[in-house]
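Have a look at the structure below before the remarks.
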Amino acid sequence: MEYDLVLRGARIVEGSGLPSYLADVGVKGGKIVEIGRIGGRAGRTLDLDGLALAPGFIDHHTHLDAQMLWDPYGTSEPQHGVTSIVMGNCGLTLAPVKPGDEDALVKSFVRVEAIPRFALEKGVSWGWHTFGDYLDRLEGKIGINVGGLVGHIAVRQYVMGEESVERQATPAEVEQMRRLVREAMAGGALGISTNRNERHMREDGKPVPSRLADDEELFTLCDVLGELNAGVIETILGRNRIEHFELYGRLAGRTQRPIIWQSVQHRWTQPNFWREQLDAVGAIFRDGYRAYGLSHTVPLVRHFCLKNTQVFDEFPTWKSIMFLPEETRREAFADPATREQLRADLADPRPTNFHRRWDIVRVEKVKRPENQKFVGKSVAEVARMRNQDPLDSFLDLSLEEDLETTFWNANSGGDPEAMGEILRSPYVLVGTSDAGAHVQFGADFGYSTTLLGLWVRERGIMNLEQAVRKLTFEVASIYGLEGRGLVRPGYAADLVVFDPKTVCAHEPEWAEDYPAGTRRLVQRSEGVYYTIVNGQVIYQDGRYTGELPGQILRGPLYQERQAAAA
Ligand SMILES: [Zn+2]
């Protein structure tokens, strides 16, 4: 047999969770056609010498709806092994849209997802109407595979116009919304997303439209998916509460569709809440319904010094001192009476994001050589070494170094034991790259390379095969992406080649690659050698090849319609 591409001598981590094994993989016509010892001729051969070969990762929580229109790779996705993305999360989509209503959708993207307005105005050339039209616009112009959920915000805006941010819908309006959801599913949507986050508003300060939907509207729209036996329901209800599981249970039971809820994470301020969440969702699964929690693999780390930090902004005395000029700030930190106030701030029992634990905050970098012995130690340990109270120790060390001591802190995702239990749970999906959103505040494209590097190699919370299954087969199964997510004959040749010994994510860095040179954060990786989409190499050794083999991932209804028409 002749092949377009042969990957020789790979260690195949096939995506099912089964143990990895050595083999060659033959690719033809964009599909995997043979696995084993391959002797035939090939258009191109890559000698992999035992590197890991896995199905391409599927990043299902993105906001790349706009970016895909100007960036065919969804940069920096392929650098982290991603070959398919799902956009349209959290209720936000660019379709369906009525002519004249475009800016109402932009208002939500600008505020909720922090995408610069200027980039959206320059980069999005509107002109579509239905969700299917919008997907058509991307056809043939993308380097990775793209699927999308239809957003409740766009659907509500379409039917109710500006009243969508002011009132409940009438039964007739809900009926029109149901028609739009049905139309979007027929056009290829992979499901529906909604948003009730109490902090999510538009640029003009009005709540996003979906927040005004009552349970009846939400359930009636999701019923469409139940009637069609297709699609996932993605939700964000806002600040995590245990009462939410009542709603997830009802919705999952009523529609019998998979629900994905945000989110389950370990936080030091509520160190056992994740366990309560997993117990609550376990009951739903035991009843026979699916409600997957979305989790994050990237600890929310802040590197800070007392020159500029916002870590303590939720404490009034700390905040006011941080706004003082440096000279006065140093005097305040040295003053015993002010220290008592700082101490009192931290002792206030009201809930905060900062965990107030000096055994977690670590010294990362020091200015003076004699303080080198404190590097890597927690503030609590430093206090013991200096025979001091931790708060005094923290402030004195900073003052000795002109406030230039750098500290490390993580409010969430920092406890390896909890993270292990969360990420291993069969009820938890990994994701939350949020790619395409918050582009000037962070970049978590590397949720996959962080899982493989930090959590698998360094912390050993699961093995490589389990981690790859989390990133591939599980997502493909839940989202109904047929023929993807495994390295098996007949499956799409969406593949990533990486070195398990070195794979990791770099720190985000600035780029000016958004429309009109708008600045945003991108992220490189280490140890990812090739990313292959539908049999074509799109990323190799740090560079994009320029190939555009990406396909639109359309749901089953679209496929049926196409088959019937043919
Ligand atoms: Zn989101």
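The values are calculated or read from the model by the stated rules, or taken from the named source; none is laboratory data. Just so you know, these numbers come straight off a predicted model, no measurement behind them. FYI the Cβ positions are ideal-geometry reconstructions off the backbone, even for glycines, and counts take in every protein chain you see. Just the protein is used for accessible areas: all its heavy atoms, side chains included, with ligands, DNA and RNA removed. Shrake-Rupley method; radii C 1.70, N 1.55, O 1.52, S 1.80 Å.
How fast does the range 301-446 diffuse by Stokes-Einstein, in µm²/s, taking the Kirkwood radius from C-alpha pairs at 37 °C and 0.692 mPa s?
Values: Rh = 17.0 Å.
Once the numbers are plugged in, D ends up at 193 µm²/s.
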Any aspartates and glutamates whose Cα falls less than 17 Å from that of Lys365, other than same-chain ones fewer than 8 residues away, would be Glu381, Asp396, Glu400, Glu401, Asp402, Glu404, Glu507
Contact order relative to length for the chain, counting C-alpha pairs under 8 Å separated by 6 or more residues, stands in percent at 22 percent
With all protein chains present, the chain has a carbon and sulfur share of its accessible area (1.4 Å probe) in percent of 48 percent
In cubic angstrom per residue, the convex hull of the chain built on its Cα atoms measures 163 Å³
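Please pull out the direction-averaged projected area of the range 416-476, using the convex hull of its alpha-carbon atoms, in nm² to one decimal place. Please list the in-between numbers first.
On the way: hull surface 18.0 nm².
The orientation-averaged projected area of the Cα hull of the range 416-476 comes to 4.5 nm².
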Within the range 407-477, DSSP-loop trypsin sites (Lys or Arg not before Pro) with at most 16 other C-beta atoms within 10 Å are Arg459
Cα-based Rg and Dmax for the range 306-378, in Å, come out at 13.5, 39
For the range 33-91, the Debye formula with one identical point scatterer on each Cα and no solvent gives log10 I(q)/I(0) at q = 0.21, 0.26 Å⁻¹ as -0.88, -1.11
Computed D for the range 372-417, Stokes-Einstein, Kirkwood radius over alpha-carbon pairs, 25 °C, 0.890 mPa s, to the nearest µm² per second, is 213 µm²/s
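Once you sort the root eigenvalues of the Cα gyration tensor of the range 1-159 as a ≥ b ≥ c, which label holds: rounded (a/c under 1.5), prolate (a/b larger than b/c) or oblate (the other case)? Each step should come with its number before you reach the end.
Numbers: a/c = 3.01, a/b = 2.57, b/c = 1.17.
Prolate is the answer for the range 1-159, as a/c is 1.5 or above and a/b outweighs b/c.
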At the level of C-alpha centres, the distance separating the range 454-487 and the range 12-74, in angstrom, is 13 Å
Of the convex hull enclosing the alpha-carbon atoms of the range 248-310, the direction-averaged projected area in nm² is 5.6 nm²
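So which trypsin sites (Lys or Arg not before Pro) in the range 148-201 are both in a DSSP loop and have at most 12 other Cβ atoms within 10 Å of their Cβ?
Details: sites: Arg156, Arg167, Arg178, Arg179, Arg182, Arg196, Arg199; in loops: Arg167, Arg196, Arg199.
In loop regions of the range 148-201 (DSSP not H, G, I, E or B), the sparsely surrounded trypsin sites (Lys or Arg not before Pro) are Arg167, Arg199.
If you average the sequence gap of Cα pairs under 8 Å that are 6 or more apart and divide by the length of the range 242-400, what percent do you get for the contact order? Intermediate results must be reported in sequence, preceding the final value.
Details: 148 pairs, mean separation 26.6, N = 159.
Taking the mean separation of contacting Cα pairs over the length of the range 242-400, I get 17 percent.
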Of the listed pairs Lys28/Lys470; Lys307/Lys373; Lys107/Lys307; Lys141/Lys501; Lys377/Lys501, those with alpha carbons more than 24 Å apart are Lys28/Lys470; Lys107/Lys307; Lys141/Lys501; Lys377/Lys501
Over the range 471-566, with neighbouring protein chains present, the accessible area per residue in Å² at probe 1.4 Å is 46 Å²
Expressed as a whole-number percentage, the relative contact order of the range 408-566 with C-alpha contacts under 8 angstrom and at least six residues apart is 18 percent
Computed curve, the range 429-566, Cα-only Debye sum without solvent term, log₁₀ I(q)/I(0) at 0.14, 0.16 Å⁻¹, is -0.80, -1.02
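Loop-only trypsin sites (Lys or Arg not before Pro) in the range 14-62, please: DSSP not H, G, I, E or B, and at most 13 other Cβ atoms within 10 Å.
On the way: sites: Lys28, Lys31, Arg37, Arg41, Arg44; in loops: Arg37, Arg41.
Answer in residue order: Arg37, Arg41.
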Asserting the computed 222 nm helical MRE of the chain (DSSP H runs at least 4 long, -39500 (n - 2.57) per run, divided by residue count, to nearest 500) equals -9000 deg cm²/dmol
Between Val301 and Lys122, the FRET efficiency computed from the C-beta separation at R0 = 30 Å comes out, to the nearest 0.05, as 0.40
